[in-house]
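A.B. asks: Got a structure for you, questions after.
The values are calculated or read from the model by the stated rules, or taken from the named source; none is laboratory data. Just so it is clear, the model here is predicted, and its values are computed rather than measured. Quick reminder, even Gly has a Cβ in these numbers, built from the backbone with ideal geometry, and neighbours come from all protein chains shown.
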Amino acid sequence: MKIGVVGAGAMGSLFGGHLVEAGEDVIFIDVSDKLIEQLNKDGLRINSGGRDRILSVNAGRAESFNHTQDLLIIFTKGFQTEAALRSVVHLIGPETWILVLQNGLGHASRIEPFITREHIIIGMTNFPVDLESLGYVVSRGEGHSVIWHLLGRDDPKVTQVAALLNHAGLSCVASPDAIKAIWRKVAFNASMNMLTALTRCTVGELGDQPAGRQLAYDAAAEVVAVACAVGVRIEVADVRETIDDAFSFHRDHRSSMLQDIRAGRRTENDTIGGAVVAIAKDHGVPTPLISVFSNLMSLLERSAEVRQAASPGGRSD
């Protein structure tokens, strides 16, 4: 299967690398010339399942490729989705499918202008993966994915994609519960990702503090209430169990938001905390903690932009 991984960051590299190892025809599409050069010259280094290896991969900007892809897997940040899809529109044919495994909410609506709804697969993945350095990713601990058709129906293609990921060692199930899994992860990310970014803590460092644990539990409960208000029935106990598992087994993990803040990059706040707050307002659900977290994240991002613009060689916009 011809597979294009759009966004060769930590998660995109993990998935793409595993698919390369499984013998699939994979291209890595990104906008970072430094990353593209690194991947093509020295390969993609992955440490997962206790194994460290370097894989020969094919990376480039979208315009470097011209073959229609059977499957595009989107791993950009939410705010990058539309620009990314515009860049790869020439790789989308009548038989192309898109798999959306991004963090947060509202991604499918950004993709619909570029492909028929009948060819969109939504889902959630929770593999813990860190970008150690350019072209080197480490996955500490186990994870899984849940995927389903955007239109909520059983489809052979969804089953095929799940089997493909499983064959590549990326545990995946095709299930109508994917929408619940998405909201559970949003509850997890809106508490854990934002808290670790705001406190500059690893998952373990946050969990070692009773106040950190309680804040994570309380923030997650707010998101669960919002999910229930829109008709997605998830349980606080399930999200809390996932948080506790992270505290116990993913102690050294640095969340993507923490990595972004440390690097002075824009985070996924808009599609996680910001999206939850907007939906909560529409349904009259109070979210005092998530609102504060989201506002603080916005301030941090703006501070990073100001610092970057003021630094030598920084942006001037």
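A.B. asks: When only residues in the stretch 54-83 that are closer than 26 Å to I147 by Cα and of a type in the set (F, W, Y) count, which is surrounded by the fewest Cβ atoms within 10 Å (Cβ to Cβ)?
C.D. replies: F79
A.B. asks: Return the residues of the stretch 19-33 that are out of contact with any helix residue (DSSP H, G or I) (no Cβ under 8 Å at 6 or more places or on another chain) and either at pLDDT below 95 or part of a helix (DSSP H, G or I) (or both); say none if nothing qualifies.
C.D. replies: Across the stretch 19-33, the qualifying residues are V20, E21, D33.
A.B. asks: Here is a further query. Only one residue in A84, A8 is in a loop (DSSP other than H, G, I, E, B), among the hydrophobic types (A, V, I, L, M, F, W, C), assigned by TED's automatic domain parsing to the domain that holds P128 and touching a Gly at 6+ places or on another chain (Cβ under 8 Å). Which one?
C.D. replies: A8
A.B. asks: Sticking with this structure for a sec: Tell me, yes or no, whether the stretch 34-53 has at least one residue that is surrounded by 16 or more Cβ atoms within 10 Å (Cβ to Cβ), assigned to a strand (DSSP E or B), of a type in the set (K, R) and assigned by TED's automatic domain parsing to the domain that holds N126.
C.D. replies: Taking every residue of the stretch 34-53 in turn, at least one turns out to be surrounded by 16 or more Cβ atoms within 10 Å (Cβ to Cβ), assigned to a strand (DSSP E or B), of a type in the set (K, R) and assigned by TED's automatic domain parsing to the domain that holds N126.
A.B. asks: Right, V173: of a type outside the set (D, E), more than 30 Å from N47 (Cβ to Cβ), out of contact with any Asp or Glu (no Cβ under 8 Å at 6 or more places or on another chain) and modelled with pLDDT of 95 or more or not?
C.D. replies: So V173 does not fit the description; no.
A.B. asks: Okay, moving on. Consider V129 carefully, then state whether it is more than 23 Å from I182 (Cβ to Cβ) and aliphatic (A, V, I, L, M).
C.D. replies: So V129 does not fit the description; no.
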